[in-house]
Amino acid sequence: MTEIVSVSPEEFKEFCRDAALRVDDKTSRNMLNESKITVALYGAPCIGLLVDGNLLSINVTAFQKSARKNAWGRYINFYLAYTMPEYRYKGFASMLVEHIEQKALELGYNRMRSLAGSYAGVRLHMHFGHQFWGIAKKGELIVDTPLRNGDEWPDGVPERARTAGENVHRMRLDEIALELKLSKRFSNEASAFGMALPAEAIANYYRKERQ
């Protein structure tokens, strides 16, 4: 039995403590530590997925409070998706993203921005056909993407993507794959999966890359 629930700051801290006992890679530890600040200090909301009463996956996404400022619409800020290691690749993180995106659309939000800082994070965003626009200062892939197809947007580079530096452009599938292979940030985690991206993620990104 699964249930999506709100996660309090105290429950989030407990989840992070439990996760730290299971995590052996530096990237995941850093992501959890950074998100502790986002939740505890800035009050970003966290939701989680209970599976048979156990909190196995969480998502931290903040809904921008300001009104629409320009033609790029209202954003939600996706900070973290994290599933306990032994329960990954079962669709738990995707269930939370689907829930958040639907809620955002109902509330009048148009776009999502995020930094994909792990191989699992890149896979998750690709699964939903989210758009990548370059590489951030710490090596994450910059995500700035519409929440649904068919909406019209101005020509040029989206607001969040402009931090990627020079020659900012919508990343192609081959560029993403090369970054996953060469970047130290992603390569160790990706090598555990033979460097291969799942066929569904590739198909989704390739299809929406053309839109």
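Quick notes
- Fewest-first sequence of Tyr119, Tyr109 by Cβ atoms within 10 Å of each Cβ: Tyr109, Tyr119
- Fully extending the segment from Arg162 to Glu34, taken as 0.36 nm per residue of separation minus the present Cα-Cα distance, adds 43.8 nm.
- Calculated FRET efficiency for the pair Arg172/Phe63, C-beta based, R₀ 41 Å, to 0.05: 0.85
- Relative packing of 92-104, 6-18, which averages over residues the other C-beta atoms within 10 Å, highest first: 92-104, 6-18
- Label sites at Asp18 and Tyr89, each approximated as a point 7 angstrom past Cα along Cα to Cβ, lie 2.3 nm apart.
- Per-residue extension of 0.36 nm, minus the Cα-Cα distance of Leu50 and Glu152, leaves a gain of 33.1 nm for this segment.
Bear in mind these aren't lab numbers, they're just calculated from the coordinates by the rules spelled out. Quick caveat, the model's predicted, so the values are computed rather than measured. Reconstructed Cβ throughout: ideal geometry from the backbone, glycine too, with neighbour counts over all protein chains shown.
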